[in-house]
Amino acid sequence: MIETNSSLKAFNTFSIDARTKTLFHFKDLKQLPELLALLKTVRAEKRPVLILGAGSNILFCEDFSGLVIKVELSGVEIIESQDNYLLQVAAGENWHQLVTDCIEKGIDGLENLALIPGVVGAAPVQNIGAYGTEFKDFCQAVEYVDLNTGEFFNLNAPQCLFAYRDSIFKSKGMQNALITKVTLKLPKKRQTHSRYGLLQKLDAAEKVTAKQIYHSVCQIRSEKLPDPDLLGNAGSFFKNPVVNKQQADDLLDLYPDMPNYPQADGNIKLAAGWLIEQANLKGKKLGGAAVHQQQALVLINQKNATAADIIQLAELVRATVEDKFNVSLEHEVRFIDSKGETNLKQVIKHVRA
Ligand SMILES: Cc1cc2nc3c(=O)[nH]c(=O)nc-3n(C[C@H](O)[C@H](O)[C@H](O)COP(=O)(O)OP(=O)(O)OC[C@H]3O[C@@H](n4cnc5c(N)ncnc54)[C@H](O)[C@@H]3O)c2cc1C
């Protein structure tokens, strides 16, 4: 179904009232010829294209001048073998619903990733992660269609080049790759993973089940994170920064309580939320936007915020943390302007002009 001049307010969790010139609801692979024909016209007019899931990791900085393809493909197939479950899941399925359905069916493994908003097709893009596990831990394959040619491809997990909040799907060469399906492999014999953050409390129990972890994750996340249906937000706004050992040691001399996580390559990961909190930015307001009072890593649309309010607040946070700690924060949320993906540095110039 094709719409013109449509509001995207319901399709992004910040609830920014941006519009798109053209919107295509991609519900069935049978629509592919129609989509490819539409893309031909859009490209001939030199207009941009954006693939959209549930809009929970996106900030629309202004109206979009091109075509938004909203991925709504549905279907889940479960194949059971002696040792594993293989799940073939269409890209438009809701991620949390998938996790919940698995837990209810006694298929364990995804419990640490409960309550992450968004659809399944977006999960490989930034290799979603929480509570010590990541999408890549379960990924068997990702299927995508090349929007230039209509050809289908399958990548196995190593080919997806997964890293912290990153994958091949974020690279320039893959801008035309629309993920249609993912295959997840969930071994029947797998240790639950509860030695991370607040989940450690569960370790006191004799045998921690996947169901217990699922419920704890849901409870902790509901207490800690604002519900986008009630308070617009896109989860963690910034990535946790990684610094070299010398810089981490210098900071630890000044701030001995600073959380720090040594990485395999010798660098040290810091907690962006802690840095923002120490910079006294919790609760900071700018226009209708604010830094969340309970979780400093989350910027919220508190009261009819415009994209400009959120952009200026993000820049204030970035600059204040840099001044205080000499640490650069990179945004995890993807910025989209009228022509496609951009970044904070570019849009702040535009907002200030
Ligand atoms: C309250 C809250 C909590 C969150 N917690 C976490 C967390 O714990 N861990 C975490 O990793 N993330 C977290 N996020 C971020 C977000 O949920 C994930 O990034 C999620 O995978 C985004 O899914 P989406 O469908 O909303 O994608 P969108 O925001 O619609 O898109 C994200 C990116 O993926 C691309 N994309 C989407 N679908 C496809 C497709 N089919 N093919 C190709 N590209 C596609 C888009 O072009 C865009 O670049 C949180 C967000 C919120 C609001």
Considering only region 251-271, state which residues are assigned to a helix (DSSP H, G or I) and surrounded by 12 or more Cβ atoms within 10 Å (Cβ to Cβ).
Leu251, Leu252
Only one of (1) near the ligand (Cβ under 9 Å from one of its atoms); (2) under 21 Å from Val42 (Cβ atoms) does not apply to Asn176, and that is (1)
Please go through region 169-193 and give me each residue that is without any contact (Cβ under 8 Å) to a residue 40 or more places away in the chain and in contact with a helix residue (DSSP H, G or I) (Cβ under 7 Å, 6 or more places away or on another chain), ordered by number.
Met174, Ala177
Going through region 4-26 one residue at a time, which ones are open to solvent by 70 Å² or more (accessible area, probe 1.4 Å) and within 13 Å of the ligand (Cβ to nearest atom)?
Ala10
Determine which member of the set Gln219, Gln278, Gln247 is surrounded by fewer than 20 Cβ atoms within 10 Å (Cβ to Cβ), of a type outside the set (Phe, Trp, Tyr) and under 30 Å from Pro187 (Cβ atoms).
Gln219
Filter result for Asp101 (touching a residue at least 40 places away in the same chain (Cβ under 8 Å) and either open to solvent by 50 Å² or more (accessible area, probe 1.4 Å) or of a type in the set (Gly, Ala, Ser) (or both)):
no
Gly55 being surrounded by 14 or more Cβ atoms within 10 Å (Cβ to Cβ), at pLDDT 95 or above and in a strand (DSSP E or B)
no
Quick one: in region 104-142, which of the residues that are within 13 Å of the ligand (Cβ to nearest atom), on the phi > 0 side of the Ramachandran plot and open to solvent by 30 Å² or more (accessible area, probe 1.4 Å) is modelled with the highest pLDDT?
Leu115
When you scan region 34-47, do you find a residue that is over 16 Å from Pro117 (Cα atoms), in a loop (DSSP other than H, G, I, E, B) and within 15 Å of the ligand (Cβ to nearest atom), even just one?
no
Among (1) over 30 Å from Thr4 (Cα atoms); (2) within 12 Å of the ligand (Cβ to nearest atom); (3) more than 16 Å from the chain's Cα centre (by Cα), there is one condition Ser81 misses while meeting the rest; what is its number?
(2)
Write out, first by first residue and then by second, each pair whose Cβ atoms fall under 7 Å of each other, whose residues are 6+ apart or on separate chains, and whose first residue, in region 217-231, is within 14 Å of Asn112 (Cα to Cα) while the second is among the hydroxyl-bearing types (Ser, Thr, Tyr).
Val217/Tyr131
Looking only at region 219-250, which residues are in a loop (DSSP other than H, G, I, E, B) and either of a type in the set (S, T, N, Q) or in contact with a Cys (Cβ under 6 Å, 6 or more places away or on another chain) (or both)?
Asn240, Asn244
On the given criteria, is Lys170 near the ligand (Cβ under 9 Å from one of its atoms) and open to solvent by 40 Å² or more (accessible area, probe 1.4 Å)?
yes
Within region 184-191, is there a residue that is within 16 Å of the ligand (Cβ to nearest atom) and at pLDDT 95 or above?
yes
Only strands (runs of 3 or more DSSP E) wholly contained in region 283-350 count here; list those with 3 or more residues that are open to solvent by less than 70 Å² (accessible area, probe 1.4 Å) and within 24 Å of Leu231 (Cα to Cα).
289-291, 298-301, 334-337
In this structure, is Val145 at pLDDT 95 or above, assigned to a strand (DSSP E or B) and under 18 Å from Trp95 (Cα atoms)?
no
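The values are calculated or read from the model by the stated rules, or taken from the named source; none is laboratory data. Predicted, not measured: the structure shown is a model, and the values here were computed from it. No Cβ is skipped: glycine too gets one built from the backbone with ideal geometry, and neighbour counts run over all protein chains shown. Just so you know, the surface numbers come from the protein's heavy atoms only, side chains and all, with ligands and any DNA or RNA stripped out. Shrake-Rupley method; radii C 1.70, N 1.55, O 1.52, S 1.80 Å.
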